[in-house]
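The values are calculated or read from the model by the stated rules, or taken from the named source; none is laboratory data. Computed from a predicted model, the values in this text were never measured in an experiment. Counting neighbours? That spans all protein chains shown, and the Cβs are built from the backbone with ideal geometry, glycine included. In case anyone asks, the SASA skips ligands and DNA or RNA and just uses the protein heavy atoms, side chains included. Shrake-Rupley method; radii C 1.70, N 1.55, O 1.52, S 1.80 Å.
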Amino acid sequence: MYARTLEDVSKEYGRNGPINVPLFTTAEREWETCRHYIDQEVLKRDKTHCPSCGKEPLVRSSDAIVKLRRLSSAGKVHNPENERTMEQPQARQKETDVWGSAFKAAREDSNEQKKYDETGLVVSSCKHCVVPYAINMFKGESWTHTAFMHNEAMKSNAKFFCYDVVCQYWKWMKTKVARHFPEYRNLTSEMTGILPIMHKNAHQLPCKILWNPRWTTGMGLTGGEEHEQVFSKLYLYAYVLKHMAKHNRNDFLTLAILYWNWGKIENMHFLLRKKLEKARKEIKQGTPKLEKLLETHNLVYNDLPLIHKELETKAKAILDQRKTKKTTVDTLRRMLEGLHADLKTTSISISKEAENSKSRTKLRRVLTETKRKALETIELINSKDTTLPISYEDFNEGVFPWETVLDRDDTHFPTLSLADKYNIVDCWMLLKRAREEITLSKNEMINYMRFLIDKRSSLQQPSQKHTGEDEKFAKGKSVMKVSEVHHLNLKIQMALTTFNLKCNQDFSDFVCETQTNHSEPEFEFDTSDEDNYDSLSESEYSDEETESSSSYSEDDESAI
(Lines give C-alpha, C1' and ligand atoms only; values in the text may rest on other atoms or scores of the structure.)
Protein backbone atom coordinates (compact mmCIF):
# COMPACT_ATOMS: atom_id res chain seq x y z
CA MET A 1 0.00 0.00 0.00
CA TYR A 2 2.90 2.35 0.75
CA ALA A 3 4.47 1.54 -2.62
CA ARG A 4 1.18 2.14 -4.44
CA THR A 5 0.68 5.46 -2.67
CA LEU A 6 4.25 6.46 -3.53
CA GLU A 7 3.61 5.48 -7.14
CA ASP A 8 0.51 7.70 -7.33
CA VAL A 9 2.45 10.63 -5.87
CA SER A 10 5.23 10.08 -8.42
CA LYS A 11 2.77 10.04 -11.31
CA GLU A 12 1.26 13.26 -10.05
CA TYR A 13 4.67 14.92 -10.31
CA GLY A 14 5.41 13.60 -13.80
CA ARG A 15 7.22 10.31 -13.20
CA ASN A 16 6.14 7.49 -15.53
CA GLY A 17 6.24 3.76 -14.93
CA PRO A 18 5.16 1.61 -12.00
CA ILE A 19 7.26 0.89 -8.93
CA ASN A 20 8.75 -2.58 -8.85
CA VAL A 21 7.40 -3.78 -5.49
CA PRO A 22 9.76 -6.79 -5.02
CA LEU A 23 12.75 -4.62 -5.90
CA PHE A 24 11.44 -1.85 -3.66
CA THR A 25 11.10 -4.32 -0.76
CA THR A 26 14.62 -5.65 -1.31
CA ALA A 27 16.02 -2.13 -1.39
CA GLU A 28 14.21 -1.31 1.86
CA ARG A 29 15.74 -4.36 3.58
CA GLU A 30 19.20 -3.46 2.35
CA TRP A 31 18.73 0.10 3.57
CA GLU A 32 17.58 -1.05 7.02
CA THR A 33 20.51 -3.49 7.22
CA CYS A 34 22.94 -0.71 6.29
CA ARG A 35 21.43 1.60 8.91
CA HIS A 36 21.71 -1.15 11.53
CA TYR A 37 25.42 -1.72 10.81
CA ILE A 38 26.10 2.02 10.89
CA ASP A 39 24.34 2.35 14.26
CA GLN A 40 26.10 -0.68 15.69
CA GLU A 41 29.62 -0.51 14.24
CA VAL A 42 30.19 3.19 13.63
CA LEU A 43 27.94 5.13 16.00
CA LYS A 44 28.10 2.51 18.80
CA ARG A 45 24.34 2.57 19.42
CA ASP A 46 23.10 -0.40 21.40
CA LYS A 47 19.32 -0.14 21.10
CA THR A 48 18.62 -3.10 23.40
CA HIS A 49 20.51 -1.66 26.37
CA CYS A 50 18.91 0.83 28.76
CA PRO A 51 21.49 3.50 29.69
CA SER A 52 19.70 4.41 32.93
CA CYS A 53 19.52 0.85 34.24
CA GLY A 54 23.24 0.32 33.70
CA LYS A 55 24.81 -3.06 34.34
CA GLU A 56 22.39 -3.96 37.16
CA PRO A 57 18.78 -3.25 36.14
CA LEU A 58 16.26 -3.03 38.93
CA VAL A 59 13.42 -5.06 37.43
CA ARG A 60 12.34 -7.07 34.42
CA SER A 61 8.61 -7.31 33.69
CA SER A 62 7.41 -9.99 31.27
CA ASP A 63 4.12 -10.81 29.58
CA ALA A 64 2.71 -12.16 26.32
CA ILE A 65 0.90 -10.25 23.60
CA VAL A 66 -1.39 -12.67 21.77
CA LYS A 67 -2.57 -10.28 19.05
CA LEU A 68 0.72 -10.45 17.14
CA ARG A 69 -0.17 -13.74 15.44
CA ARG A 70 0.67 -15.06 12.00
CA LEU A 71 -1.61 -17.21 9.91
CA SER A 72 -0.11 -20.59 9.05
CA SER A 73 -1.26 -20.09 5.45
CA ALA A 74 0.66 -16.81 5.05
CA GLY A 75 3.53 -17.23 2.58
CA LYS A 76 3.11 -21.00 2.35
CA VAL A 77 2.02 -21.07 -1.32
CA HIS A 78 5.09 -19.31 -2.65
CA ASN A 79 7.54 -20.33 0.06
CA PRO A 80 6.96 -23.80 1.58
CA GLU A 81 9.77 -23.18 4.07
CA ASN A 82 7.45 -20.82 5.94
CA GLU A 83 5.53 -23.81 7.22
CA ARG A 84 6.72 -24.76 10.67
CA THR A 85 7.72 -28.39 11.28
CA MET A 86 7.84 -29.88 14.78
CA GLU A 87 11.22 -31.38 15.63
CA GLN A 88 11.29 -34.48 17.78
CA PRO A 89 14.90 -35.19 18.82
CA GLN A 90 15.67 -38.75 19.90
CA ALA A 91 19.06 -38.29 21.53
CA ARG A 92 17.68 -36.15 24.37
CA GLN A 93 14.56 -38.20 25.05
CA LYS A 94 15.48 -38.79 28.70
CA GLU A 95 16.01 -35.11 29.38
CA THR A 96 12.77 -34.29 27.56
CA ASP A 97 10.86 -36.68 29.82
CA VAL A 98 12.27 -34.96 32.91
CA TRP A 99 11.38 -31.54 31.54
CA GLY A 100 7.91 -32.80 30.67
CA SER A 101 7.25 -33.84 34.24
CA ALA A 102 8.60 -30.52 35.48
CA PHE A 103 6.40 -28.45 33.18
CA LYS A 104 3.26 -30.53 33.59
CA ALA A 105 1.93 -28.21 36.29
CA ALA A 106 2.42 -25.25 33.95
CA ARG A 107 0.09 -26.73 31.33
CA GLU A 108 2.70 -26.39 28.62
CA ASP A 109 0.45 -28.02 26.01
CA SER A 110 -2.26 -25.40 25.94
CA ASN A 111 -5.05 -25.35 23.37
CA GLU A 112 -3.53 -25.19 19.90
CA GLN A 113 -4.72 -22.58 17.50
CA LYS A 114 -4.45 -24.61 14.33
CA LYS A 115 -4.92 -21.81 11.85
CA TYR A 116 -2.03 -19.83 13.35
CA ASP A 117 1.67 -20.58 13.17
CA GLU A 118 3.20 -17.99 15.50
CA THR A 119 0.51 -17.32 18.09
CA GLY A 120 1.99 -14.26 19.73
CA LEU A 121 5.04 -12.63 21.25
CA VAL A 122 6.49 -12.70 24.77
CA VAL A 123 8.18 -9.41 25.66
CA SER A 124 10.38 -8.40 28.58
CA SER A 125 10.90 -4.77 29.57
CA CYS A 126 12.91 -2.75 32.07
CA LYS A 127 11.37 -0.04 34.25
CA HIS A 128 12.07 2.55 31.53
CA CYS A 129 10.11 0.56 28.87
CA VAL A 130 13.23 -0.51 26.94
CA VAL A 131 12.87 -4.05 25.54
CA PRO A 132 16.07 -6.13 25.79
CA TYR A 133 14.64 -9.36 24.34
CA ALA A 134 11.46 -11.00 23.03
CA ILE A 135 10.51 -14.51 21.86
CA ASN A 136 7.84 -16.00 19.61
CA MET A 137 5.04 -18.25 20.81
CA PHE A 138 4.00 -21.24 18.69
CA LYS A 139 1.17 -22.50 20.90
CA GLY A 140 -0.31 -20.67 23.84
CA GLU A 141 1.40 -18.73 26.60
CA SER A 142 2.99 -21.06 29.14
CA TRP A 143 5.43 -20.88 32.00
CA THR A 144 8.16 -22.23 29.73
CA HIS A 145 8.22 -18.79 28.09
CA THR A 146 8.17 -17.09 31.48
CA ALA A 147 11.01 -19.29 32.74
CA PHE A 148 13.11 -18.29 29.73
CA MET A 149 12.49 -14.60 30.41
CA HIS A 150 13.18 -15.15 34.12
CA ASN A 151 16.51 -16.80 33.31
CA GLU A 152 17.47 -13.94 30.98
CA ALA A 153 16.58 -11.45 33.72
CA MET A 154 18.89 -13.33 36.08
CA LYS A 155 21.72 -13.15 33.54
CA SER A 156 21.26 -9.37 33.30
CA ASN A 157 21.66 -9.05 37.12
CA ALA A 158 18.08 -7.85 37.67
CA LYS A 159 16.87 -7.85 41.28
CA PHE A 160 13.12 -8.23 40.72
CA PHE A 161 11.02 -10.22 38.27
CA CYS A 162 7.46 -9.14 37.55
CA TYR A 163 4.78 -11.42 36.12
CA ASP A 164 0.96 -11.46 36.10
CA VAL A 165 0.63 -14.67 38.18
CA VAL A 166 4.00 -14.67 39.89
CA CYS A 167 2.36 -16.02 43.06
CA GLN A 168 1.72 -19.33 41.26
CA TYR A 169 4.76 -19.23 38.99
CA TRP A 170 7.20 -18.78 41.88
CA LYS A 171 5.86 -21.86 43.65
CA TRP A 172 6.09 -23.88 40.43
CA MET A 173 9.65 -22.73 39.80
CA LYS A 174 10.70 -23.73 43.32
CA THR A 175 8.95 -27.07 43.62
CA LYS A 176 8.98 -28.34 40.04
CA VAL A 177 11.88 -26.91 38.04
CA ALA A 178 14.52 -26.45 40.75
CA ARG A 179 13.91 -30.00 41.99
CA HIS A 180 15.06 -31.47 38.66
CA PHE A 181 17.49 -28.72 37.68
CA PRO A 182 19.43 -27.36 40.70
CA GLU A 183 21.27 -24.87 38.51
CA TYR A 184 18.05 -22.82 38.36
CA ARG A 185 17.59 -22.50 42.12
CA ASN A 186 19.18 -19.06 42.09
CA LEU A 187 16.25 -17.77 40.02
CA THR A 188 14.11 -17.73 43.15
CA SER A 189 16.77 -17.50 45.86
CA GLU A 190 18.62 -14.47 44.43
CA MET A 191 15.66 -12.65 42.86
CA THR A 192 12.35 -11.39 44.22
CA GLY A 193 9.05 -11.93 42.44
CA ILE A 194 6.35 -9.24 42.36
CA LEU A 195 2.90 -8.74 40.84
CA PRO A 196 2.19 -5.83 38.45
CA ILE A 197 0.54 -2.97 40.28
CA MET A 198 -2.71 -3.18 38.28
CA HIS A 199 -2.88 -6.96 37.93
CA LYS A 200 -2.67 -7.39 41.69
CA ASN A 201 -6.21 -6.04 41.93
CA ALA A 202 -7.43 -9.25 40.29
CA HIS A 203 -5.71 -11.33 43.00
CA GLN A 204 -6.96 -12.18 46.46
CA LEU A 205 -5.86 -10.65 49.75
CA PRO A 206 -2.84 -12.91 50.50
CA CYS A 207 -1.31 -12.10 47.10
CA LYS A 208 -1.94 -8.38 47.57
CA ILE A 209 0.02 -8.53 50.82
CA LEU A 210 2.88 -10.90 49.97
CA TRP A 211 3.54 -9.96 46.31
CA ASN A 212 2.63 -6.28 46.26
CA PRO A 213 5.24 -4.08 44.48
CA ARG A 214 4.35 -1.17 46.77
CA TRP A 215 5.17 -3.34 49.78
CA THR A 216 8.51 -4.57 48.42
CA THR A 217 11.62 -2.81 49.73
CA GLY A 218 13.85 -1.43 47.00
CA MET A 219 11.21 -1.26 44.25
CA GLY A 220 10.55 2.47 44.42
CA LEU A 221 7.45 3.46 42.46
CA THR A 222 8.08 0.90 39.72
CA GLY A 223 4.71 -0.69 38.99
CA GLY A 224 5.76 -3.64 36.84
CA GLU A 225 3.31 -2.66 34.08
CA GLU A 226 5.93 -1.11 31.80
CA HIS A 227 5.57 -3.82 29.16
CA GLU A 228 1.96 -2.70 28.64
CA GLN A 229 3.27 0.54 27.13
CA VAL A 230 5.27 -1.50 24.63
CA PHE A 231 2.15 -3.54 23.83
CA SER A 232 0.15 -0.38 23.13
CA LYS A 233 2.57 0.35 20.28
CA LEU A 234 2.87 -3.21 18.97
CA TYR A 235 -0.93 -3.63 18.87
CA LEU A 236 -0.94 -1.31 15.85
CA TYR A 237 0.92 -3.91 13.78
CA ALA A 238 -1.40 -6.83 14.52
CA TYR A 239 -3.23 -6.83 11.19
CA VAL A 240 -0.22 -6.60 8.87
CA LEU A 241 1.75 -9.21 10.84
CA LYS A 242 -1.07 -11.72 10.44
CA HIS A 243 -0.45 -12.03 6.69
CA MET A 244 3.35 -11.83 6.61
CA ALA A 245 5.78 -14.63 5.87
CA LYS A 246 7.86 -15.94 8.74
CA HIS A 247 11.10 -14.07 8.01
CA ASN A 248 9.24 -10.84 7.13
CA ARG A 249 7.39 -10.95 10.44
CA ASN A 250 10.58 -11.45 12.44
CA ASP A 251 12.35 -8.61 10.62
CA PHE A 252 9.36 -6.29 11.01
CA LEU A 253 9.01 -6.95 14.76
CA THR A 254 12.75 -6.51 15.28
CA LEU A 255 12.72 -3.14 13.55
CA ALA A 256 9.57 -2.06 15.41
CA ILE A 257 11.04 -2.91 18.83
CA LEU A 258 14.40 -1.27 18.04
CA TYR A 259 12.56 1.84 16.84
CA TRP A 260 10.55 1.91 20.09
CA ASN A 261 13.68 1.45 22.21
CA TRP A 262 15.55 4.23 20.49
CA GLY A 263 12.68 6.64 21.07
CA LYS A 264 12.78 5.85 24.79
CA ILE A 265 16.58 6.21 24.96
CA GLU A 266 16.52 9.56 23.16
CA ASN A 267 13.92 10.97 25.59
CA MET A 268 15.34 9.30 28.70
CA HIS A 269 16.25 12.57 30.44
CA PHE A 270 12.62 13.75 30.36
CA LEU A 271 11.41 10.36 31.61
CA LEU A 272 13.81 10.36 34.57
CA ARG A 273 12.89 13.92 35.55
CA LYS A 274 9.22 12.97 35.36
CA LYS A 275 9.79 10.00 37.67
CA LEU A 276 11.58 12.23 40.18
CA GLU A 277 8.77 14.79 40.18
CA LYS A 278 6.17 12.03 40.54
CA ALA A 279 7.93 10.73 43.66
CA ARG A 280 7.98 14.21 45.19
CA LYS A 281 4.29 14.63 44.39
CA GLU A 282 3.46 11.31 46.06
CA ILE A 283 5.25 12.43 49.23
CA LYS A 284 3.48 15.77 49.20
CA GLN A 285 0.03 14.18 48.85
CA GLY A 286 0.63 11.03 50.88
CA THR A 287 2.05 12.60 54.03
CA PRO A 288 -1.15 14.41 55.18
CA LYS A 289 -3.21 11.40 54.08
CA LEU A 290 -1.25 9.05 56.35
CA GLU A 291 -1.40 11.54 59.23
CA LYS A 292 -5.17 11.70 58.88
CA LEU A 293 -5.48 7.89 58.88
CA LEU A 294 -3.33 7.60 62.00
CA GLU A 295 -5.37 10.27 63.74
CA THR A 296 -8.69 8.72 62.75
CA HIS A 297 -7.79 5.28 64.10
CA ASN A 298 -5.91 6.63 67.13
CA LEU A 299 -2.56 5.18 66.05
CA VAL A 300 1.05 6.33 66.11
CA TYR A 301 3.81 5.82 63.59
CA ASN A 302 5.46 3.05 65.62
CA ASP A 303 2.29 0.93 65.25
CA LEU A 304 2.70 0.64 61.48
CA PRO A 305 5.46 -2.05 61.43
CA LEU A 306 3.44 -4.13 63.87
CA ILE A 307 0.28 -3.86 61.73
CA HIS A 308 2.31 -4.81 58.67
CA LYS A 309 3.66 -7.89 60.42
CA GLU A 310 0.14 -8.91 61.48
CA LEU A 311 -1.05 -8.66 57.87
CA GLU A 312 1.80 -10.84 56.61
CA THR A 313 1.08 -13.40 59.32
CA LYS A 314 -2.60 -13.38 58.41
CA ALA A 315 -1.83 -13.82 54.70
CA LYS A 316 0.41 -16.83 55.35
CA ALA A 317 -2.22 -18.31 57.69
CA ILE A 318 -4.84 -18.01 54.95
CA LEU A 319 -2.60 -19.87 52.52
CA ASP A 320 -1.91 -22.61 55.07
CA GLN A 321 -5.62 -22.85 55.87
CA ARG A 322 -6.36 -23.61 52.22
CA LYS A 323 -4.10 -26.65 52.36
CA THR A 324 -5.55 -28.16 55.55
CA LYS A 325 -9.31 -27.56 55.37
CA LYS A 326 -11.07 -30.01 53.01
CA THR A 327 -14.74 -29.92 54.11
CA THR A 328 -17.64 -29.38 51.71
CA VAL A 329 -17.99 -25.74 52.73
CA ASP A 330 -14.26 -25.19 52.27
CA THR A 331 -14.45 -26.70 48.80
CA LEU A 332 -17.28 -24.34 47.89
CA ARG A 333 -15.29 -21.40 49.26
CA ARG A 334 -12.26 -22.32 47.13
CA MET A 335 -14.58 -22.64 44.15
CA LEU A 336 -15.95 -19.14 44.78
CA GLU A 337 -12.43 -17.74 45.04
CA GLY A 338 -11.63 -19.35 41.70
CA LEU A 339 -14.73 -17.81 40.15
CA HIS A 340 -13.59 -14.41 41.39
CA ALA A 341 -10.25 -14.90 39.62
CA ASP A 342 -12.07 -15.99 36.45
CA LEU A 343 -14.32 -12.93 36.64
CA LYS A 344 -11.39 -10.51 36.85
CA THR A 345 -9.39 -12.33 34.16
CA THR A 346 -12.30 -12.32 31.72
CA SER A 347 -12.91 -8.62 32.33
CA ILE A 348 -9.26 -7.90 31.51
CA SER A 349 -9.47 -10.07 28.38
CA ILE A 350 -12.47 -8.12 27.09
CA SER A 351 -10.56 -4.85 27.23
CA LYS A 352 -7.11 -6.09 26.20
CA GLU A 353 -7.28 -9.25 24.09
CA ALA A 354 -10.59 -9.11 22.24
CA GLU A 355 -9.88 -8.28 18.60
CA ASN A 356 -13.41 -7.62 17.36
CA SER A 357 -17.04 -7.42 18.46
CA LYS A 358 -17.52 -11.14 17.90
CA SER A 359 -14.78 -12.11 20.37
CA ARG A 360 -15.98 -9.50 22.85
CA THR A 361 -19.52 -10.89 22.67
CA LYS A 362 -18.17 -14.37 23.30
CA LEU A 363 -16.19 -13.20 26.34
CA ARG A 364 -19.22 -11.32 27.68
CA ARG A 365 -21.19 -14.56 27.56
CA VAL A 366 -18.43 -16.19 29.60
CA LEU A 367 -18.60 -13.27 32.04
CA THR A 368 -22.36 -13.66 32.41
CA GLU A 369 -22.04 -17.40 32.99
CA THR A 370 -19.33 -16.83 35.60
CA LYS A 371 -21.56 -14.37 37.48
CA ARG A 372 -24.42 -16.87 37.40
CA LYS A 373 -22.24 -19.62 38.85
CA ALA A 374 -20.95 -17.22 41.50
CA LEU A 375 -24.49 -16.31 42.63
CA GLU A 376 -25.43 -19.99 42.88
CA THR A 377 -22.27 -20.77 44.86
CA ILE A 378 -22.86 -17.81 47.21
CA GLU A 379 -26.40 -18.98 47.88
CA LEU A 380 -25.18 -22.52 48.56
CA ILE A 381 -22.42 -21.36 50.94
CA ASN A 382 -24.79 -19.13 52.92
CA SER A 383 -27.25 -22.01 53.29
CA LYS A 384 -24.58 -24.35 54.68
CA ASP A 385 -22.76 -21.84 56.92
CA THR A 386 -24.70 -18.99 58.52
CA THR A 387 -21.83 -17.82 60.75
CA LEU A 388 -19.83 -16.23 57.92
CA PRO A 389 -22.28 -15.13 55.20
CA ILE A 390 -20.99 -13.48 52.03
CA SER A 391 -22.74 -11.07 49.64
CA TYR A 392 -22.16 -10.60 45.92
CA GLU A 393 -20.67 -7.15 46.61
CA ASP A 394 -18.02 -8.74 48.85
CA PHE A 395 -17.35 -11.35 46.17
CA ASN A 396 -16.94 -8.71 43.48
CA GLU A 397 -14.44 -6.81 45.64
CA GLY A 398 -12.54 -9.99 46.51
CA VAL A 399 -13.37 -9.72 50.23
CA PHE A 400 -14.13 -13.15 51.67
CA PRO A 401 -15.38 -13.27 55.31
CA TRP A 402 -13.63 -16.56 56.10
CA GLU A 403 -10.32 -14.86 55.32
CA THR A 404 -10.96 -11.46 56.85
CA VAL A 405 -12.31 -12.76 60.16
CA LEU A 406 -10.03 -11.62 62.99
CA ASP A 407 -8.69 -13.68 65.85
CA ARG A 408 -8.61 -11.23 68.76
CA ASP A 409 -5.92 -13.25 70.51
CA ASP A 410 -3.51 -12.75 67.60
CA THR A 411 -3.83 -8.99 67.11
CA HIS A 412 -2.88 -5.89 69.06
CA PHE A 413 -5.52 -3.84 67.21
CA PRO A 414 -8.88 -5.62 67.61
CA THR A 415 -10.86 -2.50 66.68
CA LEU A 416 -9.31 -2.36 63.20
CA SER A 417 -10.77 -4.45 60.40
CA LEU A 418 -8.51 -6.21 57.94
CA ALA A 419 -9.44 -3.71 55.23
CA ASP A 420 -8.54 -0.77 57.50
CA LYS A 421 -5.19 -2.34 58.30
CA TYR A 422 -4.49 -2.89 54.61
CA ASN A 423 -5.35 0.71 53.66
CA ILE A 424 -3.18 2.17 56.43
CA VAL A 425 -0.16 0.03 55.60
CA ASP A 426 -0.63 0.61 51.87
CA CYS A 427 -0.52 4.38 52.37
CA TRP A 428 2.57 4.04 54.56
CA MET A 429 4.33 1.79 52.05
CA LEU A 430 3.58 4.18 49.21
CA LEU A 431 5.42 6.93 51.08
CA LYS A 432 8.40 4.66 51.67
CA ARG A 433 8.54 3.66 48.01
CA ALA A 434 8.31 7.34 46.97
CA ARG A 435 11.39 8.13 49.08
CA GLU A 436 13.17 5.19 47.49
CA GLU A 437 12.18 6.42 44.04
CA ILE A 438 13.90 9.76 44.65
CA THR A 439 17.18 7.96 45.37
CA LEU A 440 16.70 5.54 42.48
CA SER A 441 15.89 8.33 40.02
CA LYS A 442 19.02 10.26 40.95
CA ASN A 443 21.16 7.15 40.56
CA GLU A 444 19.57 6.50 37.16
CA MET A 445 20.31 10.07 36.14
CA ILE A 446 23.94 9.50 37.06
CA ASN A 447 23.99 6.26 35.04
CA TYR A 448 22.52 8.08 32.05
CA MET A 449 25.09 10.90 32.25
CA ARG A 450 27.95 8.41 32.53
CA PHE A 451 26.59 6.58 29.52
CA LEU A 452 26.62 9.76 27.42
CA ILE A 453 30.11 10.74 28.59
CA ASP A 454 31.63 7.30 28.02
CA LYS A 455 30.05 7.01 24.59
CA ARG A 456 31.32 10.45 23.58
CA SER A 457 34.83 9.55 24.77
CA SER A 458 34.81 6.30 22.79
CA LEU A 459 33.75 8.09 19.60
CA GLN A 460 36.44 10.75 20.05
CA GLN A 461 39.15 8.11 20.08
CA PRO A 462 41.00 7.86 16.74
CA SER A 463 39.72 4.85 14.83
CA GLN A 464 42.07 2.36 13.26
CA LYS A 465 41.88 1.83 9.54
CA HIS A 466 40.95 -1.73 8.66
CA THR A 467 42.62 -3.77 5.94
CA GLY A 468 41.09 -3.14 2.54
CA GLU A 469 39.27 0.01 3.66
CA ASP A 470 39.66 2.88 1.20
CA GLU A 471 40.21 6.49 2.11
CA LYS A 472 36.71 7.70 1.22
CA PHE A 473 35.07 5.05 3.39
CA ALA A 474 37.29 5.97 6.36
CA LYS A 475 36.47 9.66 5.92
CA GLY A 476 32.77 8.84 5.75
CA LYS A 477 32.95 7.04 9.08
CA SER A 478 34.84 9.96 10.62
CA VAL A 479 32.18 12.41 9.46
CA MET A 480 29.43 10.26 10.98
CA LYS A 481 31.34 10.03 14.28
CA VAL A 482 31.81 13.80 14.42
CA SER A 483 28.09 14.26 13.82
CA GLU A 484 27.28 11.78 16.59
CA VAL A 485 29.64 13.55 19.02
CA HIS A 486 27.88 16.83 18.28
CA HIS A 487 24.54 15.09 18.94
CA LEU A 488 25.87 13.74 22.24
CA ASN A 489 27.07 17.20 23.29
CA LEU A 490 23.55 18.52 22.82
CA LYS A 491 22.12 15.57 24.75
CA ILE A 492 24.54 16.18 27.63
CA GLN A 493 23.65 19.87 27.81
CA MET A 494 19.95 19.08 27.72
CA ALA A 495 20.29 16.38 30.39
CA LEU A 496 22.26 18.68 32.68
CA THR A 497 19.57 21.33 32.42
CA THR A 498 16.75 18.82 32.89
CA PHE A 499 18.39 17.09 35.86
CA ASN A 500 19.52 20.40 37.39
CA LEU A 501 23.02 19.11 38.06
CA LYS A 502 25.87 21.26 39.33
CA CYS A 503 28.53 21.74 36.67
CA ASN A 504 31.55 23.89 35.92
CA GLN A 505 31.54 26.64 33.32
CA ASP A 506 33.90 24.67 31.12
CA PHE A 507 31.68 22.22 29.26
CA SER A 508 34.50 19.71 28.87
CA ASP A 509 34.84 19.49 32.64
CA PHE A 510 31.21 19.54 33.83
CA VAL A 511 31.59 16.69 36.32
CA CYS A 512 31.92 17.70 39.95
CA GLU A 513 34.48 15.51 41.65
CA THR A 514 34.03 14.56 45.31
CA GLN A 515 36.19 12.66 47.75
CA THR A 516 34.99 9.06 47.52
CA ASN A 517 36.46 5.62 47.85
CA HIS A 518 36.49 5.29 44.06
CA SER A 519 38.64 7.17 41.62
CA GLU A 520 35.69 7.82 39.31
CA PRO A 521 34.15 11.32 39.44
CA GLU A 522 30.73 11.60 41.03
CA PHE A 523 27.80 13.88 40.26
CA GLU A 524 26.27 16.27 42.75
CA PHE A 525 22.65 17.34 42.52
CA ASP A 526 21.68 20.94 43.03
CA THR A 527 19.23 20.74 45.93
CA SER A 528 19.34 24.38 46.93
CA ASP A 529 15.65 24.95 46.15
CA GLU A 530 14.19 21.54 46.94
CA ASP A 531 13.40 19.75 50.18
CA ASN A 532 15.77 16.96 51.14
CA TYR A 533 13.28 14.17 51.76
CA ASP A 534 15.94 11.55 52.30
CA SER A 535 17.39 13.33 55.33
CA LEU A 536 14.09 13.35 57.21
CA SER A 537 13.22 10.50 59.50
CA GLU A 538 10.26 8.46 58.40
CA SER A 539 8.66 9.06 61.76
CA GLU A 540 8.66 12.83 61.28
CA TYR A 541 6.19 14.65 59.10
CA SER A 542 6.83 18.36 58.97
CA ASP A 543 5.26 21.11 56.95
CA GLU A 544 8.48 21.45 54.95
CA GLU A 545 8.09 17.93 53.59
CA THR A 546 4.67 18.65 52.14
CA GLU A 547 5.82 21.66 50.12
CA SER A 548 6.49 21.37 46.43
CA SER A 549 10.10 20.39 45.81
CA SER A 550 10.23 20.56 42.05
CA SER A 551 13.00 22.82 40.74
CA TYR A 552 11.94 22.35 37.12
CA SER A 553 10.40 25.59 35.90
CA GLU A 554 9.29 27.20 32.67
CA ASP A 555 12.67 28.94 32.46
CA ASP A 556 14.39 25.57 32.39
CA GLU A 557 12.03 24.38 29.66
CA SER A 558 12.68 27.46 27.55
CA ALA A 559 16.43 26.95 28.01
CA ILE A 560 16.08 23.41 26.68
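Among the residues making up the stretch 438-484, those that are of a type in the set (Phe, Trp, Tyr) and under 23 Å from Lys55 (Cβ atoms) are Tyr448, Phe451. Exactly one residue among Thr313, Thr331 is of a type in the set (Val, Ile, Thr) and either in contact with a strand residue (DSSP E or B) (Cβ under 8 Å, 6 or more places away or on another chain) or open to solvent by 80 Å² or more (accessible area, probe 1.4 Å) (or both), and that residue is Thr313.
Scan the stretch 198-214 for residues that are open to solvent by 20 Å² or more (accessible area, probe 1.4 Å) and either touching a Leu at 6+ places or on another chain (Cβ under 6 Å) or at pLDDT 90 or above (or both) and jot them down. Passing the criteria: Leu210, Trp211, Arg214.
Residues that are at pLDDT 85 or above, of a type in the set (Ser, Thr, Tyr) and open to solvent by less than 90 Å² (accessible area, probe 1.4 Å) within the stretch 11-49 comprise Thr26, Thr33, Thr48, listed in sequence order.
Out of all the residues in the stretch 231-284, which are of a type in the set (A, V, I, L, M, F, W, C), closer than 15 Å to Thr48 by Cβ and free of Cβ contacts under 8 Å to residues at least 60 places away in the same chain?
Of everything in the stretch 231-284, just one residue is of a type in the set (A, V, I, L, M, F, W, C), closer than 15 Å to Thr48 by Cβ and free of Cβ contacts under 8 Å to residues at least 60 places away in the same chain, namely Ala256.
Of the residues that sit in the stretch 217-264 and are under 18 Å from Ser125 (Cβ atoms) and of a type in the set (Ser, Thr, Tyr), which one is least open to solvent (accessible area, probe 1.4 Å)? That would be Thr222.
Please list, ordered by residue number, the helices (runs of 4 or more DSSP H) wholly in the stretch 356-459 having 3 or more residues that are of a type in the set (Asp, Glu). Spell out the reasoning first.
Details: elements: 357-384, 392-397, 401-404.
Result: 357-384, 392-397.
Of the numbered criteria (1) closer than 28 Å to Asp164 by Cα; (2) polar (S, T, N, Q); (3) in contact (Cβ under 8 Å) with a residue 24 or more places away in the chain, the one Thr287 fails is (1).
Answer with yes or no whether Asn136 is among the polar types (S, T, N, Q), open to solvent by 10 Å² or more (accessible area, probe 1.4 Å), in contact with a Pro (Cβ under 8 Å, 6 or more places away or on another chain) and modelled with pLDDT under 95.
no
Checking every residue in the stretch 286-295 against the condition of being in a helix (DSSP H, G or I), within 25 Å of the chain's Cα centre (by Cα) and exposed (fewer than 14 other Cβ atoms within 10 Å of the Cβ) gives zero matches.
Any idea how many residues of the stretch 142-194 are acidic (Asp, Glu) and surrounded by 19 or more Cβ atoms within 10 Å (Cβ to Cβ)? Number of matching residues: 1. If only one of Leu452, Leu440, Leu490 is within 19 Å of Asp39 (Cβ to Cβ), surrounded by 17 or more Cβ atoms within 10 Å (Cβ to Cβ) and either touching a strand residue (DSSP E or B) at 6+ places or on another chain (Cβ under 6 Å) or modelled with pLDDT of 90 or more (or both), which one is it? The conditions single out Leu452.
Within the stretch 404-411, does at least one residue satisfy the condition of being over 30 Å from Leu43 (Cα atoms), at pLDDT 85 or above and not hydrophobic (A, V, I, L, M, F, W, C)? Spell out how you get there, then give the answer.
Filtering the stretch 404-411 for residues over 30 Å from Leu43 (Cα atoms) gives 404-411.
If we keep only those that are at pLDDT 85 or above too, we end up with none.
Taking every residue of the stretch 404-411 in turn, none turns out to be over 30 Å from Leu43 (Cα atoms), at pLDDT 85 or above and not hydrophobic (A, V, I, L, M, F, W, C).
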